[in-house]
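Engineer: Pasting a structure below so you can have a look.
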Amino acid sequence: MSKSTISRRGVLKGAAGVAAFTGAPYIFSRTAWAEKYCNAPTGNTALFGFNVPQTGSYAEEGLDQLKGYQLAVKHINGEGDGGMLNTMKPRALKGNGILGKKVEYVTGDTQTNTDAARESARRMIERDKVIMVSGCVTSGVAIATQSLCQEKGIIYMAGLTHSNDTTGKDKRRYGFRHFFNAYQSGVAIAPFLAKEYGTDRRAYHLTADYTWGWTQEESIKNATEALGWETVATVRTPLGLGDYSQYLTPVLNSGADVLILNHYGHDMVNSLPQAVQFGLRDRVVNGKNFEIVVPMFSELMAVGAGEAVKGIIGTSNWHWALEDEATKAFTKSYGEEYGAPPSQSSHTGYVQAILYADAVERAGTFYPPEVIKALEGFEFDGMGNGPTLYRAEDHQCFKEVLVVKGNENPTSRFDVLNVIGKTSREEVTYDPNMFGGELGPYEPNQC
Amino acid sequence: MVSSDHTSRISADKRLTRPGLPDRVKLLYSIGPLLILFLGNTMEAFLAQLLNGLDKGGAYALIALGLTLVFGTLGVVNFAHGALFMLGCFCAVTFRYLITIETVTVDPTKLSPWGKPVEVRTPLVQDWLGDFGAFLVDYSVPVSILLAIPVMLAIGVAMERGLIKHFYRRTHAEQILVTFGLAIVLQEIVKSFFGANPIPQPIPGSLRGAADIGSWIGMAPNTLTYPWWRLVYLLFSLAVIGGVFAFLHFTTFGMVVRAGMADRETVGLLGIDIDRRFTIVFGLAAIVAGVAGAMYTPLLPPHYHIGMDFLVLSFVVVVVGGMGSLPGAVLAGFLLGILQSFASMTEVKSLIPGIDQVIIYLIAVVVLLTRPRGLMGRRGVMEN
């Protein structure tokens with residue numbers, strides 16, 4: 001009889017070795033794609049790219065948006081008072097960065113120019129190796145940047161972009177928009193226009209000549225014509241024009257009794273006071289007081305336009321004077337940091353950075369397709385806009401839309417707009433196929 | 001049977017094709033239908049657009065005046081002229097900044113939305129000078145001209161003595177390069193002090209709103225209105241242009257300068273220091289550009305790049321008017337302003353979409369093709 005050479009210890013060792021060998025792919029499967037996507041974070045940091053206009057027509061909005069991003073990074077990393085991280089529900093972020101990595105950022109200047117924005121975003125992706133790009137104040141820039149990001153396989157969290165095309169015909173799988181759009185502005189503002197100015201009006205549109213202006217003009221025209229208003233003329237004006245006098249003079253004798261300014265940023269800061277200088281608001285036409293409407297409004301524009309903004313109706317994505325706990329927390333946090341209340345531009349930037357970070361935390365990876373899936377259909381609250389949905393079909397956020405009016409009796413230099421109404425999320429929700437477009441594939445390109 | 005319309009059209013055609021008809025009459029026939037189109041709209045719309053054209057034209061002429069003055073006297077193509085306009089704008093900004101320096105006190109009874117006491121700010125000048133201080137704050141833009149004149153004179157003289165004079169005998173291409181470089185340096189300096197964003201300047205309280213011009217000429221109230229400040233700017237432009245022409249035509253200094261423009265060497269041989277006078281002319285051009293900028297600030301909030309925005313426009317005006325011709329610059333300024341204004345009318349834009357954005361350059365092309373020296377250009381200028 002021969003003695004067996006297989007010991008019990010040997011069997012156990014062998015079994016453990018086989019188990020480790022065969023089980024390894026499953027254990028590491030969650031990070032198995034670590035090498036397969038662009039700019040995968042290595043080391044203890046994750047790099048974000050904030051690409052905003054720091055010069056040009058929309059510089060003021062851009063610089064304020066950048067402040068929102070900087071505050072978001074502080075809060076994600078567990079610094080400061082936490083702001084809206086304290087009110088966000090549901091929340092995966094723990095206040096220690098993202099997946100244990102500290103967030104750092106680089107900034108770029110889009111110069112309010114599409115080509116410059118693309119170049120700046122490309123530099124961030126190729127040279128700085130950012131894992132996410134965010135920011136913009138024009139839809140032209142948003143559409144160009146999200147298209148680039150789709151090519152590169154980098155997620156783009158759009159900033160302030162209001163054109164229907166951003167999440168319509170130009171939507172991309174890698175692009176997400178928290179801000180509302182022109183269609184929603186039209187739906188939200190129409191009942192208030194009817195209430196304040198009646199249903200028998202003749203409107204004259206001056207429109208910034210680029211994608212946002214065109215879609216806003218179309219949306220507001222459709223909404224006001226549905227009320228019974230007549231559109232007298234729609235006139236396109238070049239983006240960044242300073243002197244609007246040659247476009248305002250024809251309004252005087254056009255027979256219109258409402259001027260709709262589809263302008264934003266410095267365009268609006270120039271055109272609205274000039275319209276008031278022309279005495280439009282002192283006129284009586286067709287037996288009615290002449291009115292000016294600015295469908296898309298912001299606090300910074302209102303401050304820039306000064307006295308001219310009093311009594312003007314428009315819509316807004318968010319306002320610092322809202323009464324909910326999230327808004328109070330953010331306004332307090334931002335006010336202590338920068339000495340002024342936040343604008344809707346800084347708010348949307350802040351929220352986008354937090355939403356991306358939270359999606360990565362929930363996905364458990366920076367791998368873009370998993371992060372995209374975590375954002376698609378995400379339902380959240382406590383970010384200043386009430387219950388909000390990131391719709392999977394077009395990457396558009398759905399939430400309440402505010403209707404605002406220039407304050408007639410401001411008590412401080414920040415107290416320039418009053419919220420006169422809210423239009424519910426259900427009312428501003430529309431068919432995802434309404435504006436066309438294709439999201440494209442999940443799988444990222446190699447960079 | 002032939003209709004009377006048809007008959008008149010045939011006779012008009014015959015008149016047009018009649019040999020020996022003066023060019024000016026032919027021109028009238030060709031622009032007649034266009035005029036009828038405008039008049040057919042409404043008289044109010046036509047007058048409003050004409051007024052806007054005059055207003056724009058005044059601004060264009062004023063901005064181009066200094067540029068053509070420098071070219072006519074010194075023979076220098078000054079691409080830093082836009083920067084001089086920008087510096088004039090920032091004279092107004094600086095003046096307002098100085099007279100609105102405030103004392104800041106804290107009101108503990110009022111809290112900001114983030115829970116800190118509200119700051120109460122009062123301009124010092126208002127504390128010290130009472131009503132006159134309040135007047136200065138309100139009228140800061142027109143009063144800033146008093147600051148702009150000496151500052152722009154000093155800048156102009158320093159620029160000419162320090163840089164431009166070394167390039168008198170260089171080629172125009174070299175002059176363009178060095179003055180363009182200077183413009184970039186100046187705008188970057190301004191950007192570093194004032195930032196990149198436009199800084200709005202207020203219109204004086206009593207000049208806000210619009211004048212009811214229609215009622216002045218017997219029309220119904222509010223049918224023809226125009227902003228007061230734009231009217232002030234038009235009158236200001238006419239006054240400055242008139243002042244420059246009077247200075248050059250009715251003073252001994254101006255006579256010597258004009259003689260120097262015609263024949264610099266002969267004037268020098270007569271023992272007159274023409275270089276010194278030309279230095280002063282450069283200073284004068286800087287003043288004209290500067291005050292044009294300062295008064296323009298309520299219409300367009302100034303930023304560091306505003307000079308470049310106006311540079312192209314002012315060169316088009318000078319080229320259309322004729323290089324070095326002062327009356328040409330004024331004529332071209334008003335012509336381009338009026339045509340740009342009419343091109344923005346809805347009726348015109350519906351006929352030719354986008355015409356409002358290219359009309360100025362289109363006119364420049366047409367003028368250069370038909371009159372290569374510009375409307376009032378002189379033979380031999382910029383032709384070597």
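Engineer: Which pairs turn up if I take residues in the range B:203-222 that are more than 12 Å from every other protein chain (Cβ to nearest Cβ) and look for partners that are assigned to a loop (DSSP other than H, G, I, E, B) and buried (at least 16 other Cβ atoms within 10 Å of the Cβ) with beta carbon separation below 7 Å, at least 6 apart in sequence or on another chain?
Structural biologist: Listed pairs, sorted by first residue: B:PRO204/B:TYR139.
Engineer: If you go through the range A:276-306 one residue at a time, how many are within 22 Å of A:ALA340 (Cβ to Cβ) and more than 8 Å from chain B (Cβ to nearest Cβ)?
Structural biologist: Total meeting the criteria: 10.
Engineer: Also: A:THR138: buried (at least 24 other Cβ atoms within 10 Å of the Cβ) and within 18 Å of A:GLU61 (Cα to Cα), yes or no?
Structural biologist: Taking the combined requirement at face value, the residue satisfies it.
Engineer: Of the conditions (1) surrounded by fewer than 23 Cβ atoms within 10 Å (Cβ to Cβ); (2) under 19 Å from B:TRP229 (Cβ atoms), B:LEU335 satisfies every one except a single condition; which number is it?
Structural biologist: (2)
Engineer: Looking at the range A:286-302, which of its residues are farther than 22 Å from A:ALA182 by Cα and either under 17 Å from the mean Cα position of the chain (by Cα) or not basic (Lys, Arg) (or both)?
Structural biologist: Result: A:ASN286, A:GLY287, A:ASN289, A:PHE290.
Engineer: Go through the residues of the range A:17-36 one by one and say whether even a single one is buried (at least 20 other Cβ atoms within 10 Å of the Cβ) and either modelled with pLDDT of 55 or more or in a loop (DSSP other than H, G, I, E, B) (or both).
Structural biologist: Scanning the range A:17-36, I find no residue that is buried (at least 20 other Cβ atoms within 10 Å of the Cβ) and either modelled with pLDDT of 55 or more or in a loop (DSSP other than H, G, I, E, B) (or both), so the answer is no.
Engineer: Just to check your reading of the model, which residue among A:PRO250, A:PRO273, A:PRO238 is in contact with a strand residue (DSSP E or B) (Cβ under 9 Å, 6 or more places away or on another chain), within 9 Å of chain B (Cβ to nearest Cβ) and crowded, with 24+ Cβ neighbours inside 10 Å?
Structural biologist: Criteria check complete, one pass: A:PRO250.
Engineer: Still on this structure: Taking only pairs six or more apart or across chains, which ones have beta-carbon atoms under 8 Å, a first residue in the range B:361-378 that is closer than 20 Å to B:LEU313 by Cβ and free of Cβ contacts under 8 Å to residues at least 24 places away in the same chain, and a second residue that is surrounded by fewer than 13 Cβ atoms within 10 Å (Cβ to Cβ) and of a type in the set (A, V, I, L, M, F, W, C)?
Structural biologist: none
Engineer: So in the range B:294-332, with the set limited to residues that are among the hydroxyl-bearing types (Ser, Thr, Tyr) and more than 11 Å from the chain's Cα centre (by Cα), which one is nearest to A:GLY304 (Cα to Cα)?
Structural biologist: Residue satisfying both the conditions and the ranking: B:THR297.
Engineer: Separate question: For the subset of the range B:162-187 comprising residues that are surrounded by fewer than 14 Cβ atoms within 10 Å (Cβ to Cβ), in a helix (DSSP H, G or I) and at pLDDT below 90, which member is nearest to the other protein chains (Cβ to nearest Cβ)?
Structural biologist: Filtering the range B:162-187 for residues that are surrounded by fewer than 14 Cβ atoms within 10 Å (Cβ to Cβ), in a helix (DSSP H, G or I) and at pLDDT below 90, the one nearest to the other protein chains (Cβ to nearest Cβ) comes out as B:ALA173.
Engineer: Okay, next question. Test A:ASP81 against the criterion of being of a type in the set (Asp, Glu) and not in a loop (DSSP other than H, G, I, E, B), and give yes or no.
Structural biologist: Spelling it out, it is not the case that A:ASP81 is of a type in the set (Asp, Glu) and not in a loop (DSSP other than H, G, I, E, B).
Engineer: Determine whether B:ALA239 is farther than 25 Å from B:TYR97 by Cα, under 23 Å from the mean Cα position of the chain (by Cα) and at the interface with chain A (Cβ under 7 Å from one of its Cβ atoms).
Structural biologist: Judged against the criteria, B:ALA239 is not a match.
Engineer: Might you check whether a residue that is polar (S, T, N, Q), more than 15 Å from the chain's Cα centre (by Cα) and at pLDDT 85 or above occurs anywhere in the range B:50-68?
Structural biologist: No, the range B:50-68 contains no residue that is polar (S, T, N, Q), more than 15 Å from the chain's Cα centre (by Cα) and at pLDDT 85 or above.
Engineer: Name, by its number, the condition in (1) within 14 Å of chain B (Cβ to nearest Cβ); (2) surrounded by fewer than 17 Cβ atoms within 10 Å (Cβ to Cβ); (3) under 21 Å from the mean Cα position of the chain (by Cα) that does not hold for A:SER343.
Structural biologist: Exception for A:SER343: condition (2).
Engineer: Just a yes or no: is a residue in the range B:245-255 closer than 30 Å to B:PHE46 by Cβ and either away from chain A (no Cβ under 14 Å) or within 15 Å of the chain's Cα centre (by Cα) (or both)?
Structural biologist: Yes, that holds for at least one residue.
The values are calculated or read from the model by the stated rules, or taken from the named source; none is laboratory data. Since the model is a prediction, treat every value here as computed from it, not as a measurement. Glycine also receives a Cβ, built like all others from the backbone with ideal geometry; neighbour counts cover every protein chain displayed.
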